[in-house]
Structures are given as C-alpha cells and as structure tokens.
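Contents: one structure, followed by commentary.
The values are calculated or read from the model by the stated rules, or taken from the named source; none is laboratory data. Bear in mind the structure is a predicted one, so any value in this text is a computation, not a measurement. Using ideal geometry, Cβ is built from the backbone for each residue, glycine included, and neighbour counts are taken over all protein chains shown. Surface accessibility is based on the protein's heavy atoms, side chains included, excluding ligands, DNA and RNA. Shrake-Rupley method; radii C 1.70, N 1.55, O 1.52, S 1.80 Å.
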Amino acid sequence: MSRPVSKAPRRPPGVAKPKASDMPVALTPDEIEFTKSLVIHEDDSVFVLNKPAGLSSQGGRIRAHTLDDLLWALARRDRPRPRLIHRLDRDTSGVILTARTKPAATFLGKALMGKRFRKTYLAIVTPGAPEPRGGQIDSPLRRESIGREAYMRICAADHPDAETARSRYRTLASTEGAALVELSPDTGRMHQLRVHMASIGRPIAGDSRYGGALMLGGAPVPRLMLHAASLVFPHPDGGERRISAPIPEDMRAVLAQLGLKAPENTVAEQGRAEIR
C-alpha cells in the first residue's frame, strides 16, 4: 500500500511566493569568513565591499555562489540579506555598494537612476598612452548577442538600438607599450569602459572580448585589468560618502612588471570613507 504524499503548506492569500534571490542560501564557515573579509565600510544603512576579480555579482551560468548569494553572510538574524545597488563585471575588481535596509535600497536606487553616483576606475591599456592623453568619449552603444554571449558595439546615434554612452579618461602613467588610465563613466552601459577604450585604439589589457592584450612584458595578463577604485554616493542618512579600495595585488604586479607607478593619491587606503 502506497503512503500518502505530504503536501507543502499553502501560502496565506495575498502572500507572494518568495523570489529565489530572497531565499536564504546555506554558506560554509569559510564562505562566511571570506564575505566578511570583503567589507571595507559599514554603517546602519550600507555595506561597501571590495569585490575580487573572478566573482560574479549576480546570476551567470557558472555553478558557484555569486556575491549576491554570499551577502547572506552579512544578514542580520531573521532579516533579508543586504541588497546590491549596482554591479561589476565578473573580472572587474573593486568597490561595490549594498543596502542593509529596504528604505536605504529605495533611496540609493533612486540616487543611482538620478545619476548621483560618481565612479572612478583604474585600467591598464595598450599600446601606450591614449592620444590625446585625456578626454571624453561620447560614442553611442548597442547590444548584440552572438550565441549565448552579449556584446556591446559602437553605433551611430540614429541606430534604432543606440544607447547614449559617455566616458571620461585621463592618463596617470605610461610607457611606450602600456599606460595606466583613470576612467569615469557618466552613464552606466554594459561593458561601457571596455568598449569605449577599445574604440580609441587602447583596449584594456586582459580583455579578450574586446581586443585587449593577453601578454604584457613577456608574461600572461592574469585577468581584465580594470578596478573600481572609488565610489562617491549620497548617503541615506545625509551627506555624501566617498569609499575607496586599493589596487589589488595582481594588478600591482602587472604595473610593476611594466614599470608603471600609480600616483599616491590614486592608491587609497582600504576601507577609507570620507564624509561630505
């Protein structure tokens, strides 16, 4: 005689099924410790983390925990995990912002949409310094899918899929074959900095998707040489915060190998927060 199959209890009327991202994720002690080690600033409203290269912010096809999953390590007892406010590409390192409460997430989401965030990146590009050494790139972008991969392409402003995109850059140090540049996106398109730098003949080193050099100084480039160095944002409690993250060791090693040195004021102390 077959046993009766137990059914899951029904949700009360009006209670939505929880989203997968809202369901707690079981993490190992090592994952919890690792996640906590990424925190460079915290207060009652936000956590700011220094994301390492190789860690996806959200989603993706790789069967591994994303940063979004790992944020459960920072959740208060019986509370939702912190919410990502923006994302970084998997192979980009650096500052990423999360909200600890729903009001903070709402406030910061509106600030992001209102273009009140100021982001500064550091990148190694080749070959040599851009010409001119500083400037602005206003080339519109469009999305293109090739198989399961998504790319961004420069396109005419009147293209039906054109998205306005604007980036500023300046050269901090250079040699004949490479340069360290500071990049500031005024818009937030996918792969924007990568495509814009490639469009002026200075792709970011390690960027196989958009033509970046995979060898520098006779050695392989370990990954995409792009680092989110600082973020200025309006704080839910008032004023602005500027949070900076130091250049990671793999990028420092490539800079040293190339004989490039970042000015001291671009190498921020980890966890440094300025209140304005």
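Which peptide among 126-132, 153-159, 84-90 comes first, and what is the full order, when sorted by highest mean count of other Cβ atoms within 10 Å? Walk me through the intermediate numbers first.
Details: 126-132: 15.6, 153-159: 12.6, 84-90: 19.3.
Descending mean neighbour count gives 84-90, 126-132, 153-159.
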Separation of the I200 and L112 label points, Cα + 7 Å toward Cβ, nm: 2.7 nm
Need one number: % antiparallel among DSSP beta bridges in the chain, to the nearest 5. 95 percent
Rounded to whole Å², per residue accessible area for the chain with a 1.4 Å probe reads 55 Å²
Compactness relative to 2.2 N^0.38 Å, alpha carbon Rg of segment 129-276: 1.13
Sticking with the crude label model, points 7 Å out along Cα→Cβ, report the distance from R76 to T28 in nm, one decimal please. 3.0 nm
Express the carbon and sulfur contribution to the solvent-accessible surface of segment 143-212 as a percent, rounded to the nearest whole number, probe 1.4 angstrom. 41 percent
Counting only protein heavy atoms and leaving out ligands, DNA and RNA, the solvent-accessible surface of M215 at a 1.4 Å probe, in Å² to the nearest 10, equals 110 Å²
